[in-house]
Amino acid sequence: MSIQRILVADDEESIRWVLSKALKKKGFQVDLAEDGTKALSLFRSNNYDLTVLDIKMPGIQGLDLLQKFQEEKPGIMVVIMTAESTMENAIAAMKHGAYDYLTKPFDLDALDAIILKAQKAAEVTDQLGQLKGELQEQYSFGRTIVGNSPPMQTMYKDLGRVAPSDVTVLITGESGTGKELVARAVHFNSPRLGKPFIALNCAAIPRDLLESELFGHEKGAFTGATERKSGKFEQANGGTLFLDELGDMPLELQAKLLRVLQEKEITRTGGSQVMPVNVRIVAASNQDLAGMVREKTFREDLYYRLNVVPIHLPPLRERKGDIEPLVEFFLGRAQDELGVQTRECSQEALTLLKKHSWPGNVRELENIIKRAALLSPNQVLMPADFPGLFSDSDIGGQDDSLETLVARKLQNSLAQIDLQELDNLYEMVLHQVERPLINIILQQTRGNQVRTAEILGINRNTLRKKIRTLDIEVKRKD
């Protein structure tokens, strides 16, 4: 949005004339009002990008108009004009939402500067609005959290209820189920969109440094504190702080966290200044926090403070129906992020993927799919493209064709080789296949080279040459 239409309200005709002429010369559409009553009527009948109001007018005063304009169109840019004797009123207007003010008498350059600033502000607002829309689209539940199984449908309903509010959320679930994705979805679908989302893994920070990470520290607070540092609460102010693996937080620090949640203020380590913070907490744990409360390893009061709205993420083994859409999602992501060709997953491979227990949950599935998409020479992924995930009996029971078995073994071998260092892979693989094949047929024909050549469908001289080249020992049996 750019500034196109402006409303000017002033009881002095000369002011209205000068402003109208100057603004129209700049290309703006200008409407004029000689009193507050007409200004309000015009405002309600038209869509203005900027209004310029005299603070004292017949009918409705400028400050009263400012309040009405803000109520009816929040965010409308209002410039107040005032004489020197009413400077206090102008300051009050600024406090109540006026965009800027002009002191009479003023020159047109001052007005131009204000409009230029307002124009840039309007452009930034548009960009932020577009960014918010993109973020909401990017982090909408269907974009980041894949699955339509009954357990996930229940979770979606909980997310839809809790995201627009400002309550504390506790996300539980095993490692790899996607707890941070849920936390981000909560933030980016809440009124705090556009404000910071800060994540802290409590298990990844040494215990003696965790307090500083949360609340910040002053210079000299401890050995190595060479300068002041803001903590996660300060960084997340106005937004959301995601505390992952909260069960690993020491008891003494849990007490300090509880106080921050209650008082909504922090003090940096080594400091004395109390700072207010406005942060929404989304916590997560893969541990049984209720059990830890019973065992006195987690504070009961903190648990109930955090567990206002619990959201549970089911493990992948309990929602096997979501594996197929997850595989499609991760194959698409691999194409975008890794630049691999379009891949599909065969029904044989999908069947085996659904049988796997997935101890690493969705994270494990994502890593396996990405690796297969990157390494497989085939457009359609087969069971053999997932080496180490299935046993030989699993794969053989599904498809024991020679091609599948060879492909599986070949995939296993190639996964351990740096292909960039090879320039004769085709010949090397052919030799490794030919040698055991010829050996097997020679054993079955008791060393009869004529019969072996017939079975292989090659010339006898060709067979002799391969026997020499491949260094095959022929044992004739009578």
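The values are calculated or read from the model by the stated rules, or taken from the named source; none is laboratory data. Quick caveat, the model's predicted, so the values are computed rather than measured. Here the Cβ positions follow ideal geometry from the backbone for every residue, glycine too, while neighbour counts run over all protein chains shown.
What to note about this one:
- Evaluation of PHE242 against (1) more than 25 Å from SER175 (Cβ to Cβ); (2) among the hydrophobic types (A, V, I, L, M, F, W, C); (3) at pLDDT 95 or above (one fails), failing number: (1)
- Test: THR226 is surrounded by fewer than 17 Cβ atoms within 10 Å (Cβ to Cβ), free of Cβ contacts under 8 Å to residues at least 60 places away in the same chain and hydroxyl-bearing (Ser, Thr, Tyr): yes
- Restricting attention to the range 438-454, the residues that are of a type in the set (A, V, I, L, M, F, W, C) and either exposed (fewer than 14 other Cβ atoms within 10 Å of the Cβ) or in contact with a Gly (Cβ under 9 Å, 6 or more places away or on another chain) (or both) add up to 2.
- Failed item, numbered, when THR297 is tested on (1) among the hydroxyl-bearing types (Ser, Thr, Tyr); (2) assigned to a helix (DSSP H, G or I); (3) more than 28 Å from the chain's Cα centre (by Cα): (2)
- Test: THR172 is within 13 Å of PRO310 (Cα to Cα), in the same structural domain as ASN307 (by TED's automatic domain parsing) and of a type in the set (S, T, N, Q): yes
- Test set (1) modelled with pLDDT of 90 or more; (2) surrounded by fewer than 20 Cβ atoms within 10 Å (Cβ to Cβ) - ILE368 fails condition number: (2)
- Selection over the range 327-345 of residues that are assigned to a loop (DSSP other than H, G, I, E, B) and crowded, with 18+ Cβ neighbours inside 10 Å gives a count of 1.
- Close contacts from the range 234-262, counting a first residue that is outside the structural domain of ALA199 (by TED's automatic domain parsing) and a second that is not small (Gly, Ala, Ser), with Cβ to Cβ under 6 Å and a gap of 6+ residues or different chains, come to none at all.
- Unmet criterion (only one of (1) closer than 15 Å to VAL279 by Cβ; (2) surrounded by fewer than 13 Cβ atoms within 10 Å (Cβ to Cβ); (3) touching a helix residue (DSSP H, G or I) at 6+ places or on another chain (Cβ under 9 Å)) for PRO191: (3)
- Residue list for the range 263-274, filter: surrounded by 13 or more Cβ atoms within 10 Å (Cβ to Cβ), of a type outside the set (Lys, Arg) and either farther than 25 Å from VAL186 by Cβ or not assigned by TED's automatic domain parsing to the domain that holds GLU227 (or both): THR267, THR269, GLY270, GLY271
- Considered as a group, the residues in the range 9-64 that are touching a helix residue (DSSP H, G or I) at 6+ places or on another chain (Cβ under 6 Å) and β-branched (Val, Ile, Thr) include one that is farthest from THR82 (Cα to Cα), and that residue is VAL30.
- Residue list for the range 120-148, restricted to those being buried (at least 17 other Cβ atoms within 10 Å of the Cβ) and either more than 29 Å from GLN4 (Cα to Cα) or at pLDDT 80 or above (or both): TYR139, PHE141, ILE145, VAL146, GLY147
- Single residue of the range 304-323 satisfying the filter (hydrophobic (A, V, I, L, M, F, W, C) and surrounded by 17 or more Cβ atoms within 10 Å (Cβ to Cβ)) that is farthest from LEU353 (Cα to Cα): LEU306
To keep it simple, each residue is scored yes or no on (1) surrounded by 18 or more Cβ atoms within 10 Å (Cβ to Cβ); (2) charged (D, E, K, R); (3) modelled with pLDDT of 90 or more.
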{"site": "LEU257", "(1), (2), (3)": "yes, no, yes"}
{"site": "SER285", "(1), (2), (3)": "yes, no, yes"}
{"site": "LEU302", "(1), (2), (3)": "yes, no, yes"}
{"site": "PRO325", "(1), (2), (3)": "no, no, yes"}
{"site": "LYS355", "(1), (2), (3)": "no, yes, no"}
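- Residues satisfying the stated conditions in the range 234-253, i.e. farther than 12 Å from PHE298 by Cβ and either in contact with a His (Cβ under 6 Å, 6 or more places away or on another chain) or of a type in the set (A, V, I, L, M) (or both): ALA236, THR240, LEU241, LEU243
- Residues located in the range 248-267, provided they are over 16 Å from ILE198 (Cβ atoms) and either of a type in the set (Val, Ile, Thr) or touching a helix residue (DSSP H, G or I) at 6+ places or on another chain (Cβ under 6 Å) (or both): PRO250, LEU253, GLN254, LEU258, THR267
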